[in-house]
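The values are calculated or read from the model by the stated rules, or taken from the named source; none is laboratory data. Note that this is a predicted model, so its numbers are computed, not measured. Here Cβ is always computed from backbone atoms with ideal geometry, including for glycine, and neighbour counts include all displayed protein chains. The protein model used for the area step is the full one, side chains on, heavy atoms only, and it has no ligands, DNA or RNA in it. Shrake-Rupley method; radii C 1.70, N 1.55, O 1.52, S 1.80 Å.
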Amino acid sequence: MERTAEVFDLPGDLVAGLPRVEITGCRELRMENHRGILAYGEDEIHISGGKMILKVRGAHLELKAMNAGELLITGEIAGVDFS
Amino acid sequence: MQKLINFLRGSVRLEITGAFPERFLNLCAQRGVLFWGVEWREAGVLRITVAHRDAARAEALGERVLCQVARLSRRGVPSFLWRFRKRYAFLAGFAGSLLAVCILSSFILTVDVQGNETVSTAQILSELRRQGVRPGAYGPAIDEREAANRVLLQLPSLSWMAINLHGTRAEVLVREAVPKPEVVDERRLGDIVAEAPGILTHLEVESGQAMFQEGDTVVAGEVLISGTVRMDPPEYSGREPSWLEVRAMGRVYARTWRILTAEIPLEGMVKDYTGEAEHRWFVNLLGRRVNFYRNGGISFAKYDKISEVWTLTLPGGQRLPLALGRETLRAYETGGAELDAAAAQTLLEQRLEEALLAQVGDGQVVRTDCAAVRRDGMLTVTLTAECREEIGTFVPRSTPPLTNEKGP
């Protein structure tokens with residue numbers, strides 16, 4: 001589905017349910033279509049994105065809000081890694 | 001705003017302890033349990049805040065992911081109320097208060113009458129009370145339209161009435177009837193007669209025949225304008241004059257002299273208060289008086305009763321049907337005392353002048369003279385007044401009108 005969305009130039013988050021990550025400045029990260037939190041800490045939060053894992057690094061990180069499809073992380077975000 | 005909402009719906013701080021507390025967060029997110037304030041304490045220990053209504057669900061979810069969920073603290077309105085769950089007297093009082101507010105707000109506390117000018121408010125309130133619209137009446141049991149109609153039947157000087165119930169206030173709107181104009185029945189024949197003696201100063205004859213001229217002196221009872229009008233025949237016709245019966249109308253003004261007399265004893269009985277007094281308290285609630293004293297006899301032979309009433313009034317001036325009253329009974333004895341002659345004379349003169357003005361009516365008083373005489377322990381004051389007034393009054397004829405052509 002991810003490949004199909006890429007071929008047909010369609011938004012992957014809608015067609016394939018891929019995670020959509022939106023970072024506002026360096027203090028707020030909003031993620032849609034997540035699959036849950038894998039690890040949680042003030043310095044690093046690991047979030048499952050299905051086939052990938054999103055690692056948010058920083059300081060004083062806090063899971064501000066979360067529901068089945070979206071979550072919001074605030075704090076001093078230093079970087080985001082995909083693995 | 002969000003803090004206010006959270007405060008109103010209440011929140012519970014939970015501590016989750018387990019091997020994988022992240023799974024608890026994921027499960028809460030999937031099951032729609034809203035949480036916030038996530039705080040990672042140490043490995044395997046997590047603190048979150050959930051809404052009060054979701055706390056039990058969160059605890060159940062914690063068991064599913066093998067985590068221990070402990071409640072740390074509660075905040076908000078539900079938690080505040082939860083503290084009183086075992087204070088039965090308070091809950092009973094609270095429920096009673098709510099019930100009282102709900103039930104008592106259906107009873108009328110004040111009746112507000114608007115729109116009346118000549119008909120007194122007391123008269124309308126009295127009739128409304130008779131028809132059941134009074135402080136203390138149960139509002140929903142009152143048929144406003146029916147009550148208004150019944151009041152209108154009893155008060156013909158009112159043409160319209162509406163009763164509106166606004167909670168504990170009964171608003172009564174009224175409109176007064178326009179008085180019927182006085183209709184002169186011209187078929188009723190009669191004369192204008194002097195009601196007082198005097199010297200005529202002005203005559204305005206609208207109908208009938210004037211029997212006097214200005215400057216003439218008349219006595220009470222004399223016909224001033226006759227309803228029998230002489231109709232002279234054409235000159236040299238040889239016919240007898242005829243007489244036309246009409247209703248005499250007109251105004252007759254005259255100078256009049258009125259003599260009024262009044263007397264008062266120079267020695268009278270006056271009150272001498274002994275200093276003894278008795279107080280009686282009562283409460284007037286919804287028109288019913290509750291006495292705080294026994295109905296025993298009053299030990300004073302002669303006493304004055306002075307009532308003072310303090311009515312509970314709202315800041316806007318609205319008077320509530322709750323009043324505290326006090327009756328003071330002041331004992332006195334009577335004894336003879338000589339009156340101040342000058343004060344008594346002044347008093348009598350004032351009373352005589354008031355009586356004179358009432359007699360003259362629309363006329364005017366030109367001059368007054370007062371004379372005072374003391375005789376046999378009495379003070380007699382005589383008021384002599386010169387007035388200008390209308391002295392003509394209509395007197396209908398008791399006999400049928402003349403039909404022949406002879407003179408009266």
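At 0.890 mPa s and 25 °C, plugging the Kirkwood radius over alpha-carbon pairs of chain B into Stokes-Einstein gives what diffusion coefficient in µm²/s? Please report the intermediate quantities before stating the final value.
Values: Rh = 32.6 Å.
Here the translational diffusion coefficient equals 75 µm²/s.
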Taking just the alpha carbons, could you work out the radius of gyration and Dmax for the range B:144-269, both in angstroms? 27.0, 88
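Ordering A:Leu18, B:Leu27, B:Leu98 by how much accessible area each has at a 1.4 Å probe, largest first, what is the list? It would help to have the intermediate numbers written out before the result.
Details: A:Leu18 45, B:Leu27 20, B:Leu98 95 Å².
The ranking, largest first, comes out as B:Leu98, A:Leu18, B:Leu27.
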Contour minus Cα-Cα span, B:Ser105 to B:Arg375, at 0.36 nm per residue, comes to 90.3 nm
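Would you mind calculating the gained length between B:Thr261 and B:Ser120 on full extension (0.36 nm times residue separation, minus the Cα-Cα distance), in nm to one decimal?
Working: separation 141, 0.36 × 141 = 50.76 nm, distance 3.53 nm.
Gain in length upon complete extension: 47.2 nm.
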What distance in nm separates the simple spin-label points at A:Lys55 and B:Arg367, each placed 7 Å from Cα in the Cβ direction? 12.8
Report the residues of the range B:22-53 in range of a label on B:Arg85: point 7 Å along Cα→C-beta, backbone N strictly under 14 Å from it. B:52-53
For the protein assembly as shown, evaluate the Debye formula with one uniform point scatterer on each Cα (no solvent term) and list log10 I(q)/I(0) at q = 0.06, 0.07, 0.08 Å⁻¹, rounded to two decimals. -0.70, -0.78, -0.89
On a 0 to 90 degree scale, rounded to 10, what angle separates helix B:88-104 from the longest Cα axis of chain B? 30
Dmax and Rg, reported as Rg then Dmax, of the range B:2-82 (C-alpha, Å): 12.1, 35
Measuring from the longest principal axis of the C-alpha atoms of chain B, the long axis of helix B:121-130 (C-alpha) lies at a number of degrees, nearest 10, equal to 60
Checked against the positive end of the charge dipole of chain B (+1 on Cβ of Lys and Arg, -1 on Cβ of Asp and Glu, about the Cα centre), the farthest of B:Gln114, B:Ala43, B:Val246 is B:Ala43
Along the range A:61-73, Karplus-curve 3J(HN,Hα) (6.51, -1.76, 1.60; θ = phi - 60°) to the nearest Hz, with x for Gly and Pro, reads 6, 9, 7, 6, 8, 7, 9, 5, x, 10, 8, 9, 10
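Hey, with R₀ at 25 Å, roughly what FRET efficiency would B:Arg319 and B:Arg351 work out to, going by the Cβ-Cβ distance, to 0.05? Numbers along the way, then the final one.
Working: r = 37 Å, r/R0 = 1.46.
That gives a FRET efficiency of 0.10.
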Looking at the range B:1-139 from every direction and averaging, what is the projected area of its Cα convex hull in nm²? 14.3
Considering chain A, what Rg and Dmax in Å follow from its alpha-carbon atoms? 13.0, 41
Using only Cα atoms, what Kirkwood radius does the range B:199-270 have, in angstroms? 15.7
For the range B:184-237 and the range B:361-390, compute the distance between their C-alpha centroids and round to whole Å. 30
With axes computed from alpha carbons, what is the tilt in degrees of helix B:341-360 against the longest principal axis of chain B, rounded to the nearest 10 within 0 to 90? 80
